[in-house]
Amino acid sequence: MSQKNKDLLEKLVEENNMADETNLKANIESEEAIDAAKEINYQKVMNLMQSIRCMTPYKDKVDMYLEAAKQFDELSDYKDSKELAGECYRLAEATEGEIKEQVYKNATELKEQAKRADEYRLAAEEFRKIDGYLDANTLAKKCEELSTRLEKKAGRRKITNNVVVVLAIIAIFFGVKSAHTKYYLANVLQLTGSYNQAIKVYKRIGGFKDSKEKMTECRYQKGLEAMEEEDYKNAKKAFEAAGDYKDSDQKKVDMEKLFIKNSEIGDTINIGENKWRILEIQDNKALLLKDLAISGMAYNTNSGDVTWEQSTLRNWLNSEFLDENFTKAEKDNIILATVKNSDNPVYGTSGGNDTQDYIYLFSIEEIEQYNELIPDLKSNSWLRSPGNQQGSAAFLSVNRLAMKYGYEATSEEFRVKPVMWFNLD
């Protein structure tokens, strides 16, 4: 190769190398620019994601999480964008769950507080917003049914008011004090569903014709109406006032069960002649504690060795107390419980045989489980566990402490707070 050609070749190689170097530099600068832009976008989306976390759960929050996820997806595999996109999708879904939970809670509160047709309708609308969530559809339908019933009831009441006005005019001509007039007025009130007003009128005319029977019938019908409206407390009162009319006693017990099922732990309910505190709801039964203690009761009236099985207090609770404080239907739903009678955990005093009881007292071990739910005590109360000697029994102090040393079983200085398991089926 000639020298001229050699020089030309070297020049071409040199120029080519310079071009490659320029291109490489341009590529590097371009990649750096792309990375810088990605980093800026990455930080913007990161800031957005952090800001969204502070927001109250609303639909906008879900949309913003989805937008952040989309932007992370667009950043491709830059840093941990892929993982953060997945996290945003998860947070969007979780926020939707929170929103539904809050709507459900608000709708439930509206339902529980509702008294008028429009209030039940509003609760139904809220439940419809979360179609398919838990039992929202069922509750929406129930609220709509209650709203319809109340609307019909309001219509009947309007008719009743018009009828009452007409009857009042008639009464002016035939004598407002007439028992006949009052009786027929009460009949109209009953027929149109104005049971409270009908009861008042029937009560005023006392034994005229079948007024007493009509009044009892009104109370029963009032209970049925309250039951349909899921007002279990007032339904129970109405059926109780109806006495032995039809199946009033059984319906009263049914309302007691429904009231307990819809109550919170610590709430109280009247069953029989006493108020009981709900300590536990377990499957199809509830553990109830008599709210007010029975005063002046000995654990055992006879001195000497005694266990819960032999005590006169146990015998009284499961005989006289049971018979005198509950109706037949209520007694049929008090569960015969197997009661374990352990030895005293400190002194080893024998607890005796296990027993089968409808009504009983807490043991030392059991009282610790439910201690926080027991209201303030005004005096010491017996426990069924033995004390330090066979002739003594443990007790619960006013400070709600289980006194394991116990006291003489014949003492009448202690009160009694019985418990029972109540069937909810």
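Throughout, read-outs are computed from the coordinates displayed, never taken from laboratory work. Only a predicted model underlies this, so the values are computations on that prediction, with no experimental measurement involved. Ideal geometry is used to build each Cβ from the backbone, glycine not excepted, and the neighbour counts take in all protein chains shown.
Below, the figures for the structure above:
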read-out	value
Distance between region 214-232 and region 237-269 - C-alpha centres, whole angstrom	12 Å
Overall form of region 211-286 per C-alpha gyration tensor (a/c, 1.5; a/b vs b/c)	prolate
Ascending count of other beta-carbon atoms within 10 Å, so fewest first, for D118, D254	D118, D254
Relative exposure of K285, K236, judged by other C-beta atoms within 10 Å (fewest first)	K285, K236
The chain: most fluctuating residue of K233, K257, K105 per GNM, C-alpha cutoff 10 Å	K105
Eligible aspartates and glutamates near K378 by straight Cα distance, threshold 17 Å, same-chain separation 8 or greater	D291, E412, E413
Residues I265, I199 arranged by fewest to most Cβ contacts within 10 Å	I265, I199
Folded to 0 to 90 degrees: helix 179-191 orientation relative to the chain principal axis, Cα	30 degrees
GNM flexibility winner over the chain from I374, I40, I334 (Cα, springs under 10 Å)	I40
Per-residue [θ]222 nm for the chain (sum of -39500 (n - 2.57) over DSSP H runs n ≥ 4, rounded to 500)	-18500 deg cm²/dmol
The chain, relative contact order in percent, only Cα pairs under 8 angstrom and at least six apart counted	9 percent
Crossing angle, helix 195-204 versus the chain [Cα axis fit, 0-90 degrees, rounded to tens]	20 degrees
Rounded Å value of the spacing that divides the Cα centres of region 382-409 and region 81-104	55 Å
Helix axis angle, 59-74 relative to the chain longest principal axis, alpha carbon, degrees	30 degrees
3J(HN,Hα) from dihedral phi, region 81-89, Karplus parametrisation 6.51/-1.76/1.60, rounded to Hz, x for glycine, proline	4, 4, 5, 5, 4, x, 5, 5, 4
